[in-house]
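Every number here is computed from the coordinates shown, using simple stated rules; none is lab data. These numbers were taken from a predicted model, which means no experiment stands behind them. Quick reminder, even Gly has a Cβ in these numbers, built from the backbone with ideal geometry, and neighbours come from all protein chains shown.
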Amino acid sequence: MAEDTKKQPDEQKDEPSKEVENSVPEENKVEASEVENKIEEIKIEEPKEEVPAEEATEKQPEEPEKEQLPDFRVGDTVKLSYRIIEGEKTRIQPFQGIVISKKGEGISKTFTVRRIGADKVGVERIIPLYSPNIEKLEVTKKGKVRRAKLYYLRDKKGREAMRIKERK
C-alpha cells in the first residue's frame, strides 16, 4: 500500500503539468528553428566600431597650454615667483630652493622645493606644476643626482643640505 500512495502524488504532479501545456494558446507557441534564427540575427548585427589608437589618446585629458616653463629635473636649484592672494590684495613671493621630488601625471603633476630658512630650519613647498599662480620659474643651477627623490636631504643640516654637484 505504501507503494501505491507514493505513485499517486507522482501521477497527480504529471496531470497538472499537462494541463499547463494544454492551456498555452497555439498562437504563442514558437518552434525551435524560429528561436535559433532569431538568435543568429542578433549575433549577426553590426559589431561596435573600434576606436583607432590615435583617437583613444586624444580623449585623455591634455595638459593645459600655458607659458612654457623651463625644463627642470630633480636636483636642480630653482627660483620661483609665486602669487599669493590675501583677501583683496595679491603679492608675489620669491622662493628659491632645490627640487627634491616630482610626482603625479597630467594636470595634477606637482613638484616639491626645499630650502633652508631662518635659523637653519628646512622649509618645503609642494607646488602644482600647472598652477596659474606661478609667475616665473627660473633654473639657477642644474644638479647632478642619481635618485628620483631626494628625501635624504631632510636629514642633513645647514650647508650640507644644499650641497649638490653641478651638472654640465
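Worth pointing out:
- For a label point 7 Å along the Cα-to-beta-carbon line of LYS165, residues of the range 72-102 with backbone N under 17 Å: 74-77
- Net +/- balance of residues flanking THR90 in space, Cβ distance below 12 Å, scoring K and R +1, D and E -1: 0
- Over 20 Å apart at the Cα level, from the set LYS79/LYS165; LYS120/LYS144; LYS79/LYS144; LYS109/LYS157; LYS89/LYS120, are LYS120/LYS144; LYS109/LYS157; LYS89/LYS120.
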